[in-house]
Amino acid sequence: MKKIYIAFCFAALLGGCKKSELELINPNQIVSETYWKTETDVHSAFAATYGLLRNVDGGFWGVRGIELGNGRGDDFFIRNDVADLYRLSTFTNNADNGTANSLWNYAYRGIFRANQILENVGRVPLDDAKMKAYIAEAKFLRGLNYFILAINFGDVPLILSVPKDETEYARPKAAEADVWKQIIADFTEAGVDLPTSYGAEWVGRATKGAALGYLGKAYLFTKDYANAETTLRQVTGMGYSLMPNYEDNFLVTKENNAESLFEIQLGDVGGTNAWGGENASGALGVTTAQEFAPSEVGGWFEAGPTDKLFNEFQKERTTDGELDPRMYATLIWDYPGATFYRKPFSDFKLPFGFKSLFKKYQNYTQANELAGASGASNYTSSNNERALRYADVLLMLAEAVTMQGRPADAYQYVNQIRTRAKLAALPAGYDQAQMMNEIVHQRMIEFARENHRFYDLKRWGLLQQEISNSDKVGKQFFVPGKHDYFPVPQNEINTNPLMTQNSNW
């Protein structure tokens, strides 16, 4: 998928127009009446839908999405440069925030395109097995976009078909519980007919493991721990495993590895401008690494780790008395021999008194972030974002059994994470509270900068406690309940007469 499957959308995916019986179809224009003819059309439709996930403006794993998804956590700060990002990170945003609004808009674009596939793939001559697999794949993508909306906005409109005319454009919000029911239904149905793997040409597309992994996550978010356990146990028997070296999960040379259930496929190809939108000259990579890189190597240093994260890594030493190796893979700081972008760490001037920078996902083997991944002066990184890792499955499974009052059953999963990190096995006899404390700690350091922390804290009811107990800028502005979710975009309120604003906004 990385070199072949990624593509841009056709005009038909952006919506077709009505025609009267007297009008003729222009053979030089792609519309829905002429588009859904071959399997290649289906491939292009999927590529357009996947591509939104890494869109630099509104994709949850694009540039602004990574900053937005991490920015409200107690482990992350955003510099006051991009105003909308800073307001989100410091809980001073309002309903006009462009970054949050783009996330809403791109998620609904993804849902619209998935619905188009579901409604039109039957027009393409395909055998039954392929038809079922494509329908399952579209449901996975629709479920994933609704997952993004649910964790960020709560109550949102459920749109399960392509609007036939303007009378169907305005939709009221559905209760968050109903949104989760649809997410669970989509992932469940996707998990039945998706393949377990693809040939090399299509690596990166959603698999049965991805669907079941996200289904287990959806059950966990809805506190259905029994179904979460049953679902995630299936994933443990599907051949996934932890990479022996934690850092391999974030290197461009180790993409789509044994630990990966779902990755956002990126490539420093297709153009020189990652911010060019959906067109033939737009780059298929992102500039996230450049956003995080310090100015001394051509970066913008928009975001970085809090000291709270820096200190969390040091709560426990390895069995040989060293720092957790995940700390070295995640952060860079002033330790003996530390180099970053081929420079001594002492060459970098960290603002605001912070102690470290993010190393994870950075192009630190280069001499300068200005070069981009291919050597061209375009800042573009081709390092895939790992959206769902097997480590997440293990820790979610540990949480599911612990929350059912069986902390003893969590040892086998937590200790796999600890063993890779060269930590001693947990001592026997942990009760539920002790095991959950361990899971909370492990998830913070295992998934730093991976769009998990804020949503984990919300799921556990720990947002106010942990944000207050941090060095996060803006923590004093956090309002429980209100800042658990983004407000509905003001433009949606203005144009949709059936829409109401979220509580407290």
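Taking the Cβ of GLU296 as the center, what net charge do the other residues with Cβ under 12 Å away carry, scoring Lys and Arg +1 and Asp and Glu -1?
Local charge sum for GLU296: +1.
Within a Cβ distance under 14 Å of TYR106, other residues only, what is the Lys/Arg minus Asp/Glu net charge?
Summing Lys/Arg as +1 and Asp/Glu as -1 gives +2.
The chain: longest stretch without exposed trypsin sites (Lys or Arg not before Pro) (DSSP loop, at most 14 other Cβ within 10 Å), sites themselves excluded?
The answer is 350-481.
Based on the alpha-carbon gyration tensor of the range 462-505 and its eigenvalue square roots a ≥ b ≥ c, which shape applies: rounded if a/c is under 1.5, prolate if not and a/b is larger than b/c, or oblate?
The shape class here is prolate.
FRET efficiency for ASN494 and THR319, Cβ-Cβ distance as r, R0 = 56 Å, nearest 0.05? All intermediate terms of the calculation are to be shown ahead of the outcome.
Details: r = 59 Å, r/R0 = 1.05.
Efficiency, rounded to the nearest 0.05: 0.40.
Helix 39-51 against the longest principal axis of the chain: what's the angle in degrees, Cα atoms only, rounded to the nearest 10?
It is inclined by approximately 40 degrees.
At 1.4 Å probe radius, can you tell me the per residue accessible area of the chain in Å²?
Numbers: 19480 Å² over 505 residues.
The answer is 39 Å² per residue.
Specify which residue in the list PRO427, ILE493, GLN366 is farthest towards the positive end of the charge dipole of the range 353-505, using unit charges on the beta carbon of Lys, Arg (+1) and Asp, Glu (-1), about the Cα centre.
In the range 353-505, that residue is GLN366.
Please list, in order along the range 298-313, the HN-Hα scalar couplings obtained from phi with the Karplus expression 6.51 cos²θ - 1.76 cosθ + 1.60 (θ = phi - 60°), rounded to whole Hz, x for Gly and Pro.
x, x, 9, 6, 7, 8, x, x, 7, 5, 4, 5, 3, 6, 4, 4
Could you let me know the centre-to-centre spacing of the range 452-478 and the range 344-406, using Cα atoms, in angstrom?
20 Å
What does the charge dipole of the range 296-408 about its Cα centre add up to, to the nearest 20 debye, if the Cβ of each Lys and Arg holds +1 and the Cβ of each Asp and Glu holds -1?
80 debye
Just how large is the dipole of the range 26-143 about the Cα centre, in debye to the nearest 20, putting +1 at every Lys and Arg Cβ and -1 at every Asp and Glu Cβ?
Dipole magnitude for the range 26-143 comes out near 120 debye.
What is the sum of charges, Lys and Arg at +1 and Asp and Glu at -1, for the other residues whose Cβ falls under 13 Å from the Cβ of GLY282? All intermediate terms of the calculation are to be shown ahead of the outcome.
Values: positive: ARG54; negative: ASP57, ASP268, GLU278.
Residues close to GLY282 contribute a combined charge of -2.
For ARG389, which sequence-distant residues (separation of 5 or more, or a different chain) have an amide H within less than 5 Å of its own amide H, given hydrogens modelled in the peptide plane?
LEU261
Taking only DSSP H segments of four or more residues, each worth -39500 (n - 2.57), what value at 222 nm results for the chain once the sum is divided by all its residues, to the nearest 500 deg cm²/dmol?
Rounded to the nearest 500, the figure is -12000 deg cm²/dmol.
How many nm is it between the label spots at ALA408 and ALA170, if each spot is 7 Å from the Cα in line with the beta carbon?
Result for the modelled spin labels: 6.0 nm.
Check each of the chymotrypsin sites (Phe, Trp or Tyr not before Pro) in the range 241-336 and keep only those in coil by DSSP with at most 16 other C-beta atoms within 10 angstrom; list them in order.
Passing both the DSSP loop test and the Cβ count: TRP275.
Give or take rounding to whole Å, what are the principal axis extents of the alpha carbon atoms in the range 396-493, in descending order?
52, 28, 21
Round to a whole number: what % of the accessible area of the chain belongs to carbon and sulfur, probe 1.4 Å?
Exposed carbon and sulfur together represent 51 percent of the surface.
With only Lys, Arg, Asp and Glu charged, each at its Cβ (+1 for the first two, -1 for the last two), find how big the charge dipole of the chain is about the Cα centre; round to the nearest 20 debye.
Numbers: 51 positive and 60 negative charges, 67 e Å.
Approximately 320 debye in magnitude.
When volume of the Cα convex hull per residue in Å³ is calculated directly from the model, which label among (1) 142; (2) 127; (3) 216 fits?
Read-out from the structure maps to (1).
With the dipole of the range 322-446 worked out from charges on the C-beta (+1 for Lys and Arg, -1 for Asp and Glu) around the Cα centre, which of TYR413, PRO351, ALA391 lies farthest toward the positive end?
My answer, from the dipole projection, is PRO351.
Using the charge dipole of the chain (Lys, Arg: +1 at Cβ; Asp, Glu: -1 at Cβ; taken about the Cα centre), state which of ALA107, GLY267, MET238 has its Cα farthest towards the positive end.
Of the listed residues, the answer is MET238.
In degrees from 0 to 90, rounded to the nearest 10, what is the angle of the helix 128-153 Cα long axis to the longest principal axis of the chain?
60 degrees
Taking the Cα atoms only, what angle lies between the long axis of helix 208-221 and the longest principal axis of the chain, rounded to 10 degrees?
Approximately 70 degrees, to the nearest 10.
Could you work out the relative contact order of the chain? I mean the mean sequence separation of Cα pairs under 8 Å and 6+ apart, divided by the number of residues, in percent.
19 percent
The values are calculated or read from the model by the stated rules, or taken from the named source; none is laboratory data. Treat the numbers as computed from the prediction; the structure is a model and nothing was measured. Counting neighbours? That spans all protein chains shown, and the Cβs are built from the backbone with ideal geometry, glycine included. All accessible areas refer to the heavy atoms of the entire protein, side chains included, with ligands and DNA or RNA removed. Shrake-Rupley method; radii C 1.70, N 1.55, O 1.52, S 1.80 Å.
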